[in-house]
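Please read the structure below before turning to the comments.
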Amino acid sequence: MRSDEYDKLPEEERKYIREALDKVWSRPEVMEARERTLKAHAELRQTIRRSLEKSDPKAAAILAKVEPSDSESERELPPLPPLDSEDFPKAMLLRFGRELMAFSRPDRREETQRFHEKLAGSEAVQTALAAVQAAHGEERIQAVQKLRSVYREAAFKEFQALRERRPPPAVEGGKPPAPRPPQ
């Protein structure tokens with residue numbers, strides 16, 4: 001949700017919108033639409049590759065060196081079992097880890113996987129996961145929303161702890177480093 005108009009909203013309203021959107025990400029219809037979108041993006045990438053191979057094989061070969069195969073793509077999310085399935089809660093937790101991996105740099109995949117495992121094993125996440133396992137129907141959707149929130153909160157706390165443990169930046173010539181320009 002980025003636009004000039006959104007950025008002009010008061011922080012309280014932006015926060016309200018972010019929280020409302022966080023809740024709907026766990027709704028089955030939104031998850032299904034996201035899966036369809038990801039499949040459509042994968043199909044588009046495959047079509048572009050095939051077309052490039054026909055029109056410019058040299059460019060296709062160069063691109064193939066740097067592009068991960070679809071089987072390696074962390075954007076490919078495993079299909080979810082039905083909402084009331086016994087496997088659904090663990091599949092959701094796995095999905096959170098895969099979503100985290102989608103934003104990870106290739107050289108940090110193992111570290112990101114360990115980070116997810118630490119989050120997934122935390123007491124707060126395990127308690128929220130148990131609530132999802134015990135719930136059914138609409139209550140299960142709400143429990144998944146809570147699980148997502150607890151998972152994100154655990155990740156935020158871990159990131160904060162990492163930042164606090166990071167040594168301060170080196171001071172060059174007695175001056176702190178210049179701030180990075182906004183991107």
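The numbers here are math on the coordinates, done by the rules we state, and not lab data. Predicted model only: the values in this text are computed from it and were never measured. For neighbour counting, all protein chains shown are included, and Cβ atoms are generated from backbone atoms with ideal geometry for every residue, glycine included.
Each of 58, 90 has some number of other Cβ atoms within 10 Å of its Cβ, and from fewest to most they run 58, 90.
Full extension of the chain segment joining residue 33 with residue 63 gains 7.9 nm, where the gain is 0.36 nm per residue of separation less the Cα-Cα distance. Measuring r between the beta carbons of residue 138 and residue 22 and using R0 = 22 Å, the FRET efficiency lands at 0.80. In this rough spin-label picture, where each label sits 7 Å from Cα along the Cβ direction, the residue 158-residue 90 distance is 1.9 nm. Taking max minus min of the alpha-carbon positions on each principal axis, the range 4-165 gives extents of 53, 40, 38 Å, largest first. Note on residue 15: aspartates and glutamates with a C-alpha under 13 Å away, same-chain residues under 8 apart excluded, are 7.
The residue 54 and residue 108 beta-carbon pair, evaluated with R₀ = 30 Å, returns a calculated FRET efficiency of approximately 0.25. Here 41, 116 are placed in order of increasing Cβ neighbour count within 10 Å, fewest first, which gives 41, 116.
For residue 39, a cut-off of 20 angstrom between C-alpha atoms picks up these aspartates and glutamates, skipping any fewer than 8 places away in its own chain: 29, 67, 70, 72, 74, 76, 99.
Per-residue extension of 0.36 nm, minus the Cα-Cα distance of residue 8 and residue 44, leaves a gain of 9.5 nm for this segment. Applying both filters, DSSP loop and at most 12 other Cβ atoms within 10 Å, to the GluC sites (Glu not before Pro) of the range 79-128 gives 86.
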